[in-house]
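Reading through the C-alpha cells given below for one structure.
The values are calculated or read from the model by the stated rules, or taken from the named source; none is laboratory data. Model, not experiment: these values are computed from the prediction. So basically every Cβ, Gly included, is an ideal-geometry build from the backbone, and we count neighbours across all protein chains shown.
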Amino acid sequence: MTKRFGGLTALDDVTMRVSAGSFHALLGENGAGKSTLVKCIMGYYHADQGQVAVGEQEREIANPRDAHALGVGMVYQHFTLVPGMTVAENLVLSRSHVPAVVKWADERRALDAFMAGMPFRVPLDVPVSALAAGEKQKLEILKQLYLKNRFLILDEPTSVLTPGEADEVLGLLRRMTREGKLTVLTITHKFREVMAYADEVTVLRRGKFAGTGRVADLSRSDMAEMMIGAREIPHGASRLDNAIGEPRLQITGLKALNDGGLPALEDLDLTVWAGEVVGIAGVSGNGQRELVEVLAGQRPSAAGEVRIGGELYGATRAEIKRHRLCLLPEEPLRNACVARMSVAENMSFRSFDDPPFARGGWWLNGSAMRGAARDLISLYKVKTPGPDAPIGTLSGGNVQRAVLARELAHDVRVLIVANPCFGLDFAAVSEIRSQIMQARNRGAAVLLVSEDLDELFELADRILVMFDGHLVYETPTPDADLSVIGQHMAGH
C-alpha cells in the first residue's frame with residue numbers, strides 16, 4: 001500500500017497481514033502512517049498503489065460502504081454517535097437500510113435479543129448524551145457488531161477509558177477472537193495493552209513497514225526499537241554555547257485531566273532555564289498534549305502551580321503578554337488561527353489592540369496590520385498570495401511559518417513548541433527548527449514537546465521522557481542513549 005498527499009508520502013509500500021481470529025496491534029510514532037493505512041483499508045482514502053485482500057481474495061473498496069459490505073468496520077478515535085438520540089435509535093439508524101416508518105416494538109425485541117448475545121450491554125432507552133465515556137466506547141463497538149462486521153478496526157480504543165474499563169473491553173474482545181467470532185486490528189500507543197491482549201504486532205516507521213512478529217516473542221524494548229529505529233544524532237541547527245540563565249519556567253506538582261475526566265498529568269515537576277531547549281519525548285497520548293494546553297490556557301489544571309520568572313502564571317492573555325510567552329501548538333490551523341480570517345489578521349492576534357494596530361484601544365488599523373504582515377511574510381518566507389488571503393488557504397508548512405512569525409515577532413522569553421514539523425516538507429522543517437534554535441540562542445527558555453526523536457536530538461539541550469502522565473527519565477542530550485530513551489518510552 002502506497003499513499004501520497006502531494007509531495008508527502010504517508011505510506012510507502014506497506015504490507016501487512018492480519019490472521020483470521022487474531023487480535024493484531026498496529027504500532028508506530030505519530031505520523032508513522034497508521035491512520036492513513038486503516039483509512040485506505042476502509043475506502044476512506046484511495047491508495048495510489050497496492051491492494052486489499054479479504055479472505056484471500058483481492059477486493060475493490062471504493063468507500064466505507066464497500067468495506068461494511070465485506071464485514072469490515074471501524075471504531076474511530078472520536079465518537080460518531082448522535083447525542084440527542086437513544087442507544088436504540090443510534091443502533092437502528094446506523095443500518096444502511098432503514099424503513100420509512102420504524103416499527104419500534106419489533107426493533108426493540110430484535111435489539112434485546114442482540115444484546116443478550118453480546119459480551120457487554122448498554123441500556124437501550126438512555127440518550128447517548130447521558131452515557132459515560134466508557135459506555136459510549138462500548139456502544140461504538142456494539143454498533144459495529146450489530147452491523148454484523150466481523151473484522152473490527154479500533155483507532156485508540158481506550159483513550160477515553162479508565163484502566164479498568166479498558167481491561168474489560170479489550171478482554172471481552174480478545175475472548176471473541178478466541179471464540180472465532182471476531183478479528184481485531186487495533187491502533188494503540190499503549191505497550192501494556194499490546195503485551196496483555198495482542199497476538200501479533202505490526203510496526204510502521206515514517207510511513208514504511210518496520211517489523212512484525214508474535215507478541216509472545218517480542219519484548220517492549222524490541223517493539224520500541226522497531227518504532228524509533230537506529231538513528232544517528234543529527235546536528236543541523238546552529239547552536240551557540242551560551243551560558244544558561246535563570247530558571248524561567250517552573251512547574252511544580254502539576255495535575256490535569258484529559259477530555260474524559262481521567263488523570264492525564266500527575267505531580268509534574270519541571271524547570272526550563274533561560275537559554276536552553278528542554279525536549280519532552282514520549283509516545284503520543286501520555287500527557288504531552290494536556291501539558292501544552294495547560295500552559296496555553298486551553299485546559300485548566302487540577303492542582304499544582306506554574307511560575308514564569310518567579311511569578312505565578314495563570315495563562316491569561318495579560319500574563320502571556322507580560323511574560324512574553326509565545327506558543328506554537330500542534331495543529332496550529334485548529335489551535336492558533338481562525339482559518340477564514342486573513343493572514344494579516346491572524347498575524348496580529350497578539351497585539352491587535354495595541355498601537356499602531358489600534359487607536360484608542362478599539363479602532364482597528366487594517367493598513368498597519370497589512371504593512372506589518374508584509375514584513376513578516378518576507379522575513380519568514382511565508383508563501384501566500386498576500387496579507388489579505390485567508391490563512392486557511394495556505395499549505396500546512398506556510399501556516400506554521402505564519403504562526404511562528406507572529407509568535408517570534410517580538411522579544412521572546414518563553415517559547416512553548418509542540419510537534420512543530422509534523423507532516424512538513426524538508427525545507428519547511430529546516431527553517432522552523434532554525435527559528436526555534438535562534439530563539440534559544442537569544443536567551444529564550446524553550447520547551448519542545450515532540451514525538452520526533454530526531455528533532456529532539458537536534459534541538460534539545462536536555463531530553464525528558466513522559467510516560468503515563470509522569471516525567472520518568474532525564475538526560476543531557478550529548479549523553480543520551482537512544483535505546484534507553486526507547487525503553488522509558490515503553491514504560492520500563
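Looking at Val128, is it aliphatic (A, V, I, L, M) and under 30 Å from Gly261 (Cβ atoms)?
yes
For segment 382-394, does any single residue satisfy the condition of being among the aliphatic types (A, V, I, L, M), under 24 Å from Ala296 (Cβ atoms) and touching a Gly at 6+ places or on another chain (Cβ under 6 Å)?
Within segment 382-394, none of the residues are among the aliphatic types (A, V, I, L, M), under 24 Å from Ala296 (Cβ atoms) and touching a Gly at 6+ places or on another chain (Cβ under 6 Å).
Output the strands (runs of 3 or more DSSP E) that fall wholly within segment 205-303 and possess 1 or more residues being within 30 Å of His24 (Cβ to Cβ), or say none.
The qualifying strands (runs of 3 or more DSSP E) are 208-214, 263-273, 277-281.
Residue under question is Ser450, and the condition is that it be among the hydroxyl-bearing types (Ser, Thr, Tyr), assigned by TED's automatic domain parsing to the domain that holds Met347 and either free of Cβ contacts under 8 Å to residues at least 40 places away in the same chain or buried (at least 20 other Cβ atoms within 10 Å of the Cβ) (or both); does it hold?
Spelling it out, Ser450 is indeed among the hydroxyl-bearing types (Ser, Thr, Tyr), assigned by TED's automatic domain parsing to the domain that holds Met347 and either free of Cβ contacts under 8 Å to residues at least 40 places away in the same chain or buried (at least 20 other Cβ atoms within 10 Å of the Cβ) (or both).
Can you tell me which residues in segment 17-36 are within 23 Å of the chain's Cα centre (by Cα) and of a type outside the set (D, E, K, R)?
His24, Ala25, Leu26, Leu27, Gly28, Asn30, Gly31, Ala32, Gly33, Ser35, Thr36 - these are the residues of segment 17-36 that are within 23 Å of the chain's Cα centre (by Cα) and of a type outside the set (D, E, K, R).
Could you tell me how many of the residues in segment 434-454 are in a helix (DSSP H, G or I) and farther than 15 Å from Ser284 by Cα?
9
I'd like the full set of residues that are without any contact (Cβ under 8 Å) to a residue 40 or more places away in the chain and either under 26 Å from Ala439 (Cα atoms) or part of a strand (DSSP E or B) (or both), limited to segment 461-492.
Correct list: Val472, Tyr473, Glu474, Thr475, Pro476, Pro478, Asp479.
Would you confirm, using the coordinates I've provided, whether Ser348 is among the hydroxyl-bearing types (Ser, Thr, Tyr) and more than 30 Å from Trp273 (Cα to Cα)?
Here the answer is no, as Ser348 does not meet what is asked.
Being surrounded by 14 or more Cβ atoms within 10 Å (Cβ to Cβ), over 16 Å from Leu270 (Cβ atoms) and among the aliphatic types (A, V, I, L, M) is the filter here; which residues of segment 294-326 pass it?
Ala302, Ile320
So for segment 328-337 (the condition being within 13 Å of Ala409 (Cβ to Cβ) and surrounded by 12 or more Cβ atoms within 10 Å (Cβ to Cβ)), does at least one residue qualify?
yes
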